[in-house]
1. Could you say which residue among SER211, SER194 is closer than 28 Å to LEU87 by Cβ and modelled with pLDDT under 95?
2. For GLN102, which of the numbered conditions (1) surrounded by 18 or more Cβ atoms within 10 Å (Cβ to Cβ); (2) on the phi > 0 side of the Ramachandran plot fails to hold?
3. Considering only the stretch 222-242, how many residues are surrounded by fewer than 22 Cβ atoms within 10 Å (Cβ to Cβ), closer than 20 Å to LEU285 by Cα and in contact with a helix residue (DSSP H, G or I) (Cβ under 8 Å, 6 or more places away or on another chain)?
4. Determine whether PHE97 is among the aromatic types (Phe, Trp, Tyr), over 23 Å from LEU150 (Cα atoms) and assigned to a helix (DSSP H, G or I).
5. Considering each of ILE266, ILE284 in turn, give the residue that is hydrophobic (A, V, I, L, M, F, W, C), surrounded by fewer than 16 Cβ atoms within 10 Å (Cβ to Cβ) and modelled with pLDDT of 90 or more.
6. How about the stretch 157-177: which of its residues are without any contact (Cβ under 8 Å) to a residue 40 or more places away in the chain and outside any loop (DSSP other than H, G, I, E, B)?
7. Scan LEU150, LEU126 and give me the residue that is among the aliphatic types (A, V, I, L, M), in contact with a helix residue (DSSP H, G or I) (Cβ under 8 Å, 6 or more places away or on another chain) and surrounded by 15 or more Cβ atoms within 10 Å (Cβ to Cβ).
8. With respect to SER153, determine if the residue is of a type in the set (S, T, N, Q) and not in a loop (DSSP other than H, G, I, E, B).
Amino acid sequence: MPSSIRATEEKASRRSPDKHGGAARPSSKVSIDELSSALNSLALPDDEQEPVNQFHKFLHKNADLVDFVANVIDPSVSNQQAAHIDLDAYVPHVQRFCARWQVSKRAEQNHLKLANGLRNIPCILLQNPTRTHDMAFDDMVENTATLRYLQDSLDDNGLSLDDVIILDAIPLLTDRDLYRLSTDERRIALFEASELTRRFIRINKVSVIVSLQCATQNNAKYDGISSFLRELGSSTKWARMETVMKTSIDGRALYVVQGFHPGHIIRTYKPDLRIKRERILQNILEQVYSPYAEWISEMAREEFSKSRKRLDCSANKFLNDLERALAAMQKLEALQTTVSPDIVIKGKDTRKQVLRVMKLMDNARSILEAN
């Protein structure tokens, strides 16, 4: 382990609880030299380094959302597989971050649950979590206006929060957490948090992001974040124009659908402006996600049909077996076997039990046929 990381981690291990509660902070301030050394040591190993000038603003490569859906999303939908992403390679990085910055276990679990969407469906990028992120998951959603808005919007388009990967540009750190840190500490925390997002995108080969945050573009509040995150910002201007930015990561194309944070709608009290913004954002979400909703519905219908066939085959086999057993019992109906003067086995008693089961199975067959 680099000595600079060991030094900063030793400082992190001696944190003292904040008097207001919540995430703790390092017990002493980090010097500028320590900050510079720590940031340098956090660079990826040579085999993970990205080419120089890998990320640029490809303004001349902007795409129209309608064309993007027609040429990129629609042709790829039919080749998708309905499988959730594999978080195994990502979880250790999250756990180390949470231990270093004393993020609660509940917040860690909620972050991973939001990130565990279906593979290859465009993910949604928000800004950073609210202070409700350490509640139980359902309570967090219910008490977070942004997540409620997305839940309703996805539901309108035939999807759910479970279907779509939802990331934060600056995960696991609320504004309250950041305000409690010194300037130098905040820079390190922001860099490490933003690196988590970049690492998730690289590990899972994310190719399409719907960006609903503009805070990471040119905001001094987030000074210190990975330069990569600044390429994933959005703006209401580009959202109104339904623009898709194109960049690349590890030689792969990375498309950033321009949107804006739902807070621009939720916190707008002018009815006309609210309606206008609502239409813009809903139109973007509908264009991106409705093709996947139709695909998921078709996959669900196919899976239901397969399950129904398997159930029908099993039920029919069982009924046939019972019918054969009944035929055998009929041959024994009039017979009785005397084992001894005190023990007599009557075939018709067994037959009654079989008939009772047959009646139940007939009812089951009727239910299957009705459905």
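1. Exactly one residue qualifies, and that residue is SER194.
2. Of everything listed in (1) surrounded by 18 or more Cβ atoms within 10 Å (Cβ to Cβ); (2) on the phi > 0 side of the Ramachandran plot, GLN102 misses just condition (1).
3. 3
4. yes
5. ILE266
6. Result: no residue meets the conditions.
7. Just a single option satisfies the conditions, and that option is LEU126.
8. Taking the combined requirement at face value, the residue satisfies it.
The values are calculated or read from the model by the stated rules, or taken from the named source; none is laboratory data. If you're wondering where the values come from, they're calculated on a predicted model, not measured in any experiment. Glycine gets a Cβ as well: all are built from the backbone with ideal geometry, and neighbour counts include every protein chain shown.
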